Structure formats: structure tokens, C-alpha cells
1. Contact list please: Cβ distance under 6 Å, first residue in the range 14-31 and surrounded by 10 or more Cβ atoms within 10 Å (Cβ to Cβ), second residue among the charged types (D, E, K, R), pairs at least six apart or on different chains.
2. List the strands (runs of 3 or more DSSP E) inside the range 74-164, counting only whole elements, that have at least 3 residues being modelled with pLDDT of 90 or more and not hydroxyl-bearing (Ser, Thr, Tyr).
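The values are calculated or read from the model by the stated rules, or taken from the named source; none is laboratory data. These figures come from a predicted structure and were not determined experimentally. Positions of Cβ are backbone-derived with ideal geometry, glycine not excepted, and every protein chain shown enters the neighbour counts.
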Amino acid sequence: MELIRTWILTVTVSAMIIALAEGLMPQGTVKRVGRLTGGLVLMLGILQPLVHMDYDELFLVANGLGEVVVESREEQDMRNNEAMKSIIEKELSAYALDKAQTLGLGCTVSITCHLGENDVPYPDQAVVTGLSGEAQKQTMMRLLREDLGIPDARQIYEGGEEAS
């Protein structure tokens with residue numbers, strides 16, 4: 001609502017200044033050019049809030065979805081980073097599972113990421129379930145280490161012999 005108050009004040013002051021300037025101008029071409037210029041300045045004052053408007057907030061208010069909760073930039077960044085991290089975890093898990101199936105390994109894989117430098121998610125840990133035999137575990141360990149950079153110590157194997 002502060003935006004509307006500021007906008008009304010800006011348009012009112014602009015109109016008053018334009019009217020005063022128009023009253024001081026001599027008749028003729030100068031006055032016509034002055035009116036045109038004044039009209040353009042007033043139009044800019046009227047349209048200026050459209051440039052700075054938060055359209056998401058306007059949509060919520062227009063649809064009567066109650067009081068709008070405005071997040072800080074840090075909260076938005078944190079929420080976006082978590083969403084990106086979740087998507088990357090799913091994609092990496094699907095990639096590792098696809099590679100395992102290509103190698104004939106019947107298992108499930110869940111990759112967990114950490115936010116690193118500049119809030120970029122990187123694979124941090126893998127949980128592999130359902131492998132049987134040390135040879136399959138060693139193959140999977142190599143795949144996770146070489147393709148995703150997950151060290152052996154950050155790989156957890158469930159449902160079979162313990163791999164170390």
C-alpha cells in the first residue's frame with residue numbers, strides 16, 4: 001500500500017509542477033511543445049510503478065489469497081538453493097541407477113548433495129541398497145567415485161555384505 005501512496009503523491013506533484021510551468025509559458029509554439037512535454041512527463045509518472053511492481057504479490061492480492069507474506073532476498077535464495085539441491089539429488093540418483101542397471105547391477109541408489117562454494121550443490125553421499133556380492137559393490141563403488149566424485153568413505157551399502 002506504500003507503493004500506491006507514493007505513486008499518487010508522485011502523480012499529483014508532477015501534475016502541479018506541469019500546470020505551474022504551463023501557466024508561465026508564453027502563447028504559441030512554445031506552449032504547445034510545453035504541453036506535449038508535460039504530458040509525456042505525467043505519463044511517465046503514471047506508468048512508473050509498472051516498472052517496479054512485484055507482479056507475484058499483485059497476483060496474490062488480486063486473487064484474494066489473504067495477506068501476502070514477503071520473503072527476504074536471503075530467504076528466497078535459500079528456498080531456491082534447496083529446491084535446486086533436491087532436483088540435482090534426484091537427477092544424480094537416477095543417473096547412478098541407470099548406470100548400475102547398464103552394468104547389470106540390481107540395486108537402488110540415493111544420492112545426497114551438500115551446498116558448496118557459491119551455493120552450488122555437489123554430490124556428497126550415496127546410499128546403495130540391494131547389491132549382492134563384493135564384486136558388485138566394488139563395481140558400484142568405482143562408478144560412484146569416478147563418475148560422481150563420491151569417496152568410498154561416503155558410500156553406504158545396505159542389504160548385503162559390508163563393503164569397505
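1. Met25/Lys31
2. 108-115, 121-129
Yes or no, residue by residue, for (1) closer than 18 Å to Ile87 by Cβ; (2) over 24 Å from the mean Cα position of the chain (by Cα); (3) of a type in the set (Phe, Trp, Tyr):
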| position | (1), (2), (3) |
| --- | --- |
| Thr112 | yes, no, no |
| Glu117 | no, no, no |
| Val128 | no, yes, no |
| Gly133 | no, yes, no |
| Met141 | no, yes, no |
| Leu148 | yes, yes, no |
| Asp152 | no, yes, no |
